[in-house]
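> Next up is a structure, given as C-alpha cells.
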Amino acid sequence: MPFLLKDASEVTPQKICEYIKMHRNNLSARYQRLEDYYTGKHDILLRRPKRRDDPCNNVVCNYAKYISDIGSGFLIGEPVSYQSEEDLTDLLKWFKSAEVDVQDNDNAEDQSIYGVAYELVYMSSDESPTPKTASIHPSQAFVIYNSTVELKPIAGVYYHETRDTVTQQVNGYDAEISTDKQYMRFHLTADYALDGEVTTEGNPFGMVTLIEIYNNRFLQGDFEQLISLIDGYNKQQSNRIDDKENFVNSLMVLKGQTLGYNQDEKAETYQDIKDNGVIELTEGSDLSFLTRQSDQQGDQLLTESIAKDIHKFSYIPDLTDEHFAANVSGVAMQFKLWGLMQLMKKKERYIKEGLRYRIKLFSAILAIKGKKPVDVENVTITITRNLPKNLVELAQVIGNLSGICSNETLVAQLPFVEDPAAEVEKAAEEKRQAMDEQFVMSTAAVTQNNDAE
C-alpha cells in the first residue's frame, strides 16, 4: 500500500497524521502476526481440548524462523563489498564506524519477516558528527512517494509510541519526518490528532533520510504465504503426541467382575489399582483396554508431505536431509539451490537499490565536510552468498580466468579476502620485494665470480 502525494509541498502535519493512522490501522496487525510467527507465537498455542480430560499438546515447530534465518543468512551472511576506480577510503571508514554490516543483516532479516525493511540515516551527536544508520521496525516507519510513475521519495516518516508514566498506556506518538529540505517533528494524540507545536530544522543530507527496502514487489515476507502449511504441520505433530497420550490413558474394560457396589467402593478400588499397579481378577473375568487404532505410517507420510511442501514453496532446502549435500560437486550444489538462488537475486536487486541510496546520503555529508563525494554510478556493489566454498574448484576457476578478468575481480571471489583491492596491492608489493631480493642475490653472485677470477 504505497503512500502517495503530488509533491513535497503537500507534506503537512495534518496529512502525516492521517497517513500514520492509515499505517497503524492497515499494517500494524499484519506486522504483529508475522513477528509472532517468527518468535514462536503460533495459532496452535490457542488450541483447547474438546473435552476436559482430553490431551491437548500445543507443539510449535517454528518453520517461520527457520525460513527467515536460513534465507537472510544465505543472502547477506557475508559483508557487502564495494569496488570503484574512485577513492572509497573515507566512505568505507564511515561505513565501518557506522557498523553498516550489522544494519545489512538486520535489514535482510526484516525483509524476510515483514516483506519490507527500513533504515534511517542520521548524524551522530558527538563533537565531530558523522553519518550513522539504524534499522527501524516496519510498524514504525513508511515512505511517501510522489504520485508519478517514477515514485520518487518525497518524505520519510518515523514515529513511535509514547506512554503514560503511571499507567503505561499509550497516550500518543512522537513523529519525525524528513524531506529533501528539512526535518519536521511533532506529537500526535492517541487518536492521531496533532498535539502541540511543530518544530523544523534543515536537512544536511538534502534527501529523504529513510530508506525503504522491499523484499519483493508485493511486500510479502518469505513465510507469509506458508502460514497455513506451518499451522498444519504444528497441528499434525500435536495430534500425534495427543494420540500417544490417548494410548497411555486407554480405557480399561472389565468383564465378569465389578470393582465395587457403590461409588465410594469403586473410587477406593480405582485408587488402589493406580497406586499399586495391580488388579486381582476373579475366575472367569477378563481385563482389556479400549484403544483407538492409529495409522502410524499414514501419519508419518502426511507429516513428511507437509514438510516437503513448506520447503518446496519457500525455496529453502532441508539442510538436515542426509541426501542434500552428500558428495556433490559445486555445480551439483548450484542445481540443488537453483530455486533459492533465483529468490535471492530478486531480493538482492532491492537491497542494492537501498545500498546505493545509502551511499548517496553518506556522500552528501562528505561534500559538506570538504571531502570528495563518491559517484554511486561508479561503485560496484558485491553481495556474496554465504555458502560453503569448494576452494579447490574456486582456485581452478580463478586460474582459468587469469588474464581474462582483472586481478581484483578474481581475488574478490575468495571468501577469506575482505578487501580485494588491498590484497591485490599487497600481493604486488610482495612480488616486487621478491624480485628485488632476487636481483640483489644475482648481482652479489656475479660480483663474487668476478672477484674470484
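> Which condition does residue 122 not pass, out of (1) aromatic (Phe, Trp, Tyr); (2) in a strand (DSSP E or B); (3) open to solvent by less than 60 Å² (accessible area, probe 1.4 Å), if it passes all the others?
So the condition that residue 122 fails would be (3).
> Name the helices (runs of 4 or more DSSP H) wholly within the range 1-109 that hold at least 3 residues that are more than 24 Å from the chain's Cα centre (by Cα), of a type outside the set (Asp, Glu) and farther than 30 Å from residue 306 by Cβ?
Filter on the range 1-109 gives 13-38, 89-97.
> Please count how many residues of the range 33-80 are more than 30 Å from residue 341 (Cα to Cα) and open to solvent by 30 Å² or more (accessible area, probe 1.4 Å).
Total meeting the criteria: 15.
> Ok, one more. Within the range 208-222, does at least one residue satisfy the condition of being touching a residue at least 60 places away in the same chain (Cβ under 8 Å), assigned to a helix (DSSP H, G or I) and within 30 Å of residue 343 (Cβ to Cβ)? Steps first, please.
Taking the range 208-222 and keeping what is touching a residue at least 60 places away in the same chain (Cβ under 8 Å), we get 208-216, 218-222.
Among the residues that remain, those that are also assigned to a helix (DSSP H, G or I) are: none.
No, every residue in the range 208-222 fails to be touching a residue at least 60 places away in the same chain (Cβ under 8 Å), assigned to a helix (DSSP H, G or I) and within 30 Å of residue 343 (Cβ to Cβ).
> While we're looking at this one, here's another question. I'd like to verify a number: residues in the range 209-231 that are aromatic (Phe, Trp, Tyr) and surrounded by fewer than 17 Cβ atoms within 10 Å (Cβ to Cβ), how many?
1
> Residue 16 passes all but one of (1) farther than 30 Å from residue 409 by Cα; (2) among the β-branched types (Val, Ile, Thr); (3) modelled with pLDDT under 95; which number fails?
Answer for residue 16: the failing condition is (3).
> If you don't mind, another one. Listed residues 218, 223, 205, 186; which is in contact with a Pro (Cβ under 6 Å, 6 or more places away or on another chain) and among the aromatic types (Phe, Trp, Tyr)?
Step by step, each of 218, 223, 205, 186 is checked, and only 186 is in contact with a Pro (Cβ under 6 Å, 6 or more places away or on another chain) and among the aromatic types (Phe, Trp, Tyr).
> Can you find even one residue in the range 212-228 that is over 30 Å from residue 346 (Cβ atoms) and either at pLDDT 95 or above or in contact with a Gly (Cβ under 8 Å, 6 or more places away or on another chain) (or both)?
Within the range 212-228, not a single residue is over 30 Å from residue 346 (Cβ atoms) and either at pLDDT 95 or above or in contact with a Gly (Cβ under 8 Å, 6 or more places away or on another chain) (or both).
> Okay, moving on. Can you tell which of 157, 149 is among the β-branched types (Val, Ile, Thr) and in contact (Cβ under 8 Å) with a residue 12 or more places away in the chain?
Being among the β-branched types (Val, Ile, Thr) and in contact (Cβ under 8 Å) with a residue 12 or more places away in the chain holds for just one of 157, 149, which is 157.
> Right, here's the next one. In the range 96-107, is there at least one residue being open to solvent by less than 20 Å² (accessible area, probe 1.4 Å) and aliphatic (A, V, I, L, M)?
Here is the first cut: in the range 96-107, the ones open to solvent by less than 20 Å² (accessible area, probe 1.4 Å) are 98, 100, 104, 107.
Add one more test, that the residue is aliphatic (A, V, I, L, M), and what stays is 98, 100.
Checking the range 96-107: at least one residue is open to solvent by less than 20 Å² (accessible area, probe 1.4 Å) and aliphatic (A, V, I, L, M).
> Out of the residues in the range 166-208 meeting the condition of being more than 19 Å from residue 139 (Cβ to Cβ) and β-branched (Val, Ile, Thr), tell me which one is surrounded by the fewest Cβ atoms within 10 Å (Cβ to Cβ).
Only one residue fits best here, namely 166.
> Filtering the range 11-32 down to residues that are in contact with a strand residue (DSSP E or B) (Cβ under 8 Å, 6 or more places away or on another chain) and not hydrophobic (A, V, I, L, M, F, W, C), which residue is most open to solvent (accessible area, probe 1.4 Å)?
Once the filter is applied, the top-ranked residue is 14.
> (1) without any contact (Cβ under 8 Å) to a residue 12 or more places away in the chain; (2) in contact with a strand residue (DSSP E or B) (Cβ under 7 Å, 6 or more places away or on another chain): which one isn't true of residue 121, the others all being true?
Of the numbered conditions (1) without any contact (Cβ under 8 Å) to a residue 12 or more places away in the chain; (2) in contact with a strand residue (DSSP E or B) (Cβ under 7 Å, 6 or more places away or on another chain), the odd one out for residue 121 is (1).
> Could you identify the single residue in 355, 394 that is surrounded by 10 or more Cβ atoms within 10 Å (Cβ to Cβ), at pLDDT 90 or above and out of contact with any Cys (no Cβ under 9 Å at 6 or more places or on another chain)?
Of the residues listed, the single one that is surrounded by 10 or more Cβ atoms within 10 Å (Cβ to Cβ), at pLDDT 90 or above and out of contact with any Cys (no Cβ under 9 Å at 6 or more places or on another chain) is 355.
The values are calculated or read from the model by the stated rules, or taken from the named source; none is laboratory data. The structure presented is a predicted model; accordingly, all values stated were derived computationally and were not measured. Positions of Cβ are generated from backbone atoms using ideal geometry, with glycine treated the same way; all protein chains shown enter the neighbour counts. Please note that ligands, DNA and RNA were not included when accessible areas were found on the heavy atoms of the full protein model with its side chains. Shrake-Rupley method; radii C 1.70, N 1.55, O 1.52, S 1.80 Å.
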